Every structure is written in structure tokens, then in C-alpha cells.
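Okay, so here's the structure we're looking at.
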Amino acid sequence: TLTTQGDVLYRDGSGLQRLAKGTAGKALVMNSGATAPEWGTVSGGKVLQVISVRDDSQRNTTSTNFTNASSNLSITITPSATSSKIFAICSFNAKVAGGTWGLFSIFRDAQNLATQGTATADSMTQVPSTETANAGETMHLLDTPATTSATTYQIRFAVAGSGTVYLNSNNYGGQASQLTLMEIGA
């Protein structure tokens, strides 16, 4: 029977066992033999900072080279450790005119992270020319910048041929884009 608030009951190989409540800041983890729970310190995986920006102005480009979608979709973050990772999430509305593809990508400083080996997940989105009305899109990535220097992440866009790609088109009463960065401790 448990009589102390916060205690945990678990079963081992011989029956029910009591694990006394842990101390402040401790987490329930599995012991090294993977046979029973214990209280321990969890390292890494903590969100250390969150920064977010929003842009609701209509933007467009006809360039086949990636250009900054908006200075409002650019964030500078200073990681607290070289082992930190940066999780970037972007949501936006786009449309394309002129029989082409619209390309959107997340950049770290001047590097297109869709083409770098340090990024994972969907860090580039292609919007087809069939999207003549606004299409809700998302991009995300987990980046390892390996620095404690100020680092800028931004959304850039281009077209894959002739035509125009639009960001935050004002159809349907206006749209908005958002870029959020989270520093994740190692």
C-alpha cells in the first residue's frame, strides 16, 4: 500500500514495489538494466528559447534565384551552446501564376538548408502551377548550426521557370505567414 503522496507503484520480477517520490527537477527514467523505474536527471531535448515572426503583406517574385521572401520572415537567434539544435517551422500561403513551380526554402545565413546535409525533414516546398488560389503550406527542419554566434534563418522563394509566385496573396481577405525557431538543448 502506498501511504506517501508522490510515491510510484511498479511491478518487478517478484511482485509490487514502491518507488519513493523523487526530488524537484528529477524525472522518472528506466534504470541502466532496463528492469525498473528510477528517478534521474534528463539531459537534452529541452526547449531553451522560442522566437517567432509574422508577415501578412503580399509578396511576389519572378526570379529563378532564391530571394528573401520578406525581411519580416527573417529571425536572428544566438544558440546558447554549440551542441544545440534549431527547430524551424514555417507556415505560409502561396499561389503561382504562369505555368511554373513556386519554390520556398529555409535558409541559414546564405545556405539553402534544403541542399545541406545538416538539415533534416521538409525544409523546401514546391508549389505547383495548378495552385492558382492560395494553398496553405508548411516547412520544418531540425538544423545543427554548431555555433554560439548570432545566426539568421529566413524564408526565401523563387520560380522554377517563367511566371510569378505569390506569398500571402490577398485572395479570401488576406493571408499571413509565420516563422518560428526553437533552440533545443542537447
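Remarks
- Residue within the range 50-71 that is without any contact (Cβ under 8 Å) to a residue 60 or more places away in the chain and not in a loop (DSSP other than H, G, I, E, B) present: yes
- In the range 29-57, the residue that is farthest from THR100 (Cα to Cα) out of those that are of a type in the set (S, T, N, Q) and open to solvent by 80 Å² or more (accessible area, probe 1.4 Å) is THR35.
- Pair list, Cβ under 6 Å, 6 or more apart: the range 13-40 residue among the aliphatic types (A, V, I, L, M), other residue part of a loop (DSSP other than H, G, I, E, B): ALA20/ASP7; ALA27/VAL42; ALA36/ASP12
- Picking from residues in the range 1-13 that are β-branched (Val, Ile, Thr) and in a loop (DSSP other than H, G, I, E, B), the one that is surrounded by the most Cβ atoms within 10 Å (Cβ to Cβ) is THR4.
- Each residue in the range 14-28 was checked for being within 34 Å of the chain's Cα centre (by Cα), aliphatic (A, V, I, L, M) and open to solvent by less than 80 Å² (accessible area, probe 1.4 Å), and 1 pass.
- Members of the range 76-90 that are part of a strand (DSSP E or B) and not aliphatic (A, V, I, L, M): THR76, LYS85, PHE87, CYS90
- Criterion: at pLDDT below 85 and over 30 Å from PRO79 (Cβ atoms) - qualifying residue of GLY44, GLY13: GLY13
- Residue in the range 91-101 that is crowded, with 20+ Cβ neighbours inside 10 Å, within 19 Å of the chain's Cα centre (by Cα), at pLDDT below 90 and not in a strand (DSSP E or B) present: no
The values are calculated or read from the model by the stated rules, or taken from the named source; none is laboratory data. Given the structure is predicted, the values throughout are model-derived calculations rather than measurements. We place every Cβ from the backbone using ideal geometry, glycine too, and count neighbours over all the protein chains shown. Just the protein is used for accessible areas: all its heavy atoms, side chains included, with ligands, DNA and RNA removed. Shrake-Rupley method; radii C 1.70, N 1.55, O 1.52, S 1.80 Å.
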